[in-house]
Amino acid sequence: MAAPATGLTEGVEPHIVDDLSAFKLAFRRHAAGVAVVTGLTPDGAPVGFTATSLASLAAVPPLATFNMARISTAWPAVEGTSHVIIHLLGARNRGLAQRLSGAHDERFAGDHWAPGPLGLPLLADVPAWMLGRIVERVPVADNAVVVVQIEDGGLGADDEALVYHERTYMAPGPALVD
């Protein structure tokens, strides 16, 4: 095996104990945008969770994906519904992100949401939201990749992005220019 090119491993820890540690440590350093996915349980109760796995899949048709654990308290709602609302969060929504990643019974206590399209929970004061029709749920180990086709949406007041990095919510710094 050839030695790594000079300079490629400077500042890199020489050994990571195992694949799980490598995965966790690497993804803590990968900043990700923060979104909240909301839906309804079969009996009509609001459900939602914070997601950092949201990604656009295609522009035509407009498709997006998010990932979730099938052991999540929100999974039965996502598994049993046809639509969800995806909310893109801004820096002003940090408290909302924390609330929707906290205790399940407190996520919808308060006036930070109202029934939106199809009666789904629509969060207040977010920079953008999209109504998505679930077109596929792909099981992968104990998780699922959920594919949605965007059918509607709206924009709120602009804001700095909210990102999750090193287990902390933050806003990006100044833009880098060449």
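Values quoted throughout were computed directly from the atomic coordinates according to the rules given, and no laboratory measurement underlies them. Just so it is clear, the structure is predicted and the values come from calculations on it, not from any experiment. Note: ideal-geometry Cβ built from the backbone for every residue, glycine included; neighbour counts use all protein chains shown.
What to note about this one:
- Listed options for Rg and Dmax of the Cα atoms in Å are (i) 18.3, 60; (ii) 16.9, 52; (iii) 33.6, 122. The value calculated from this structure is the one marked (i).
- Take the Cα radius of gyration of the range 111-178 and divide it by 2.2 N^0.38 Å, N being the number of residues; the result is 1.47.
- Relative contact order for the range 33-162, counting Cα pairs under 8 Å that sit 6 or more residues apart, in percent: 30 percent
- Taking 0.36 nm per residue of sequence separation and removing the Cα-Cα distance, the ALA114/THR168 pair yields an extension gain of 16.7 nm.
- Going by neighbour counts of Cβ atoms within 10 Å, the residues ILE85, ILE150 line up, fewest first, as ILE150, ILE85.
- Rounded to the nearest 20 debye, dipole of the chain from Cβ charges on Lys, Arg, Asp, Glu: 160 debye
- Total formal charge among the other residues, if their Cβ is under 12 angstrom from that of THR50, Lys/Arg +1 and Asp/Glu -1: +3
- Label positions at ASN143 and ALA91, each projected 7 Å from the Cα along the C-beta direction, are separated by 2.9 nm.
- Each residue of the range 140-153 was assigned a 3J(HN,Hα) from its phi angle through the Karplus curve 6.51 cos²θ - 1.76 cosθ + 1.60 (θ = phi - 60°); the sequence is 9, 6, 8, 10, 8, 9, 10, 10, 10, 9, 6, 10, 6, x Hz, with glycine and proline shown as x.
- Full-stretch length increase - ALA26, ALA55 - with 0.36 nm per residue and alpha-carbon distance subtracted: 8.6 nm
- Residue order, fewest to most surrounding Cβ atoms within 10 angstrom, among ARG94, ARG28: ARG28, ARG94
- Estimated 222 nm signal from helices in the chain, with DSSP H stretches of n ≥ 4 weighted -39500 (n - 2.57), rounded to 500: -3000 deg cm²/dmol
- Neighbour-count order for THR52, THR168, THR73, THR38, fewest beta carbons within 10 angstrom listed first: THR168, THR73, THR52, THR38
- LEU155 versus ASP43: modelled label distance in nm, points set 7 Å from Cα along the beta carbon direction: 4.1 nm
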